[in-house]
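Structure, as structure tokens:
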Amino acid sequence: MPFSTHFPGYALAVLFAASGVLTCLAVLRGMPDSMVRKVRRITAYVFGSGLFCFGALGFLIQLGEGMPSSTHFAGYVLAVVLVACGVLTCIAVRLHYGGGLWSLLGLLSVAAGALRLVSIWQAEIQGRHLNSPVVSYSTIATLCGVGFYCLSWGHIRRHGVAI
């Protein structure tokens with residue numbers, strides 16, 4: 001489905017998600033610290049579980065469309081990346097990693113860069129050519145760069161290194 005025809009739906013979903021996040025932040029502001037930590041852990045578990053469920057659902061949808069081939073594999077990679085991100089998020093919360101939103105944002109940015117690379121690779125294998133390869137590859141580099149930067153800050157935050 002083309003992105004341009006469903007833009008209002010995507011925009012509405014982003015608006016609802018942003019309003020939900022802002023509402024939660026406003027509620028957390030008045031809570032005691034112990035309660036805030038519990039809410040953050042539960043939220044991280046819900047987010048990781050949601051990623052896992054979306055990945056599993058995507059994998060089942062892709063299986064319904066047919067087995068992967070050398071020209072049809074980006075959907076499977078998307079499903080595996082979502083499942084892996086969900087599992088890694090839940091493991092990090094369970095082990096009290098403490099990287100926070102920096103680590104989560106970094107993980108998702110690196111995953112988005114990898115997915116973009118796979119989609120470009122699939123298009124090249126299918127014989128389609130990119131209209132602007134410089135923009136496509138610079139998008140991948142930006143996503144991975146931001147992702148590794150955020151992962152680094154999350155790791156620094158975890159160890160409590162003062163800079």
Sort Ser152, Ser69 by Cβ crowding within 10 Å, fewest neighbours at the top. Ser69, Ser152
Fewest-first ordering of Tyr97, Tyr45 by Cβ atoms within 10 Å yields Tyr45, Tyr97
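Readers should treat all values here as calculations from the given coordinates under stated rules, not as data from a laboratory. For clarity, every value in this text was computed on a predicted model and none was experimentally measured. Cβ: placed from backbone, ideal geometry, glycine included. Neighbour counts: every protein chain shown.
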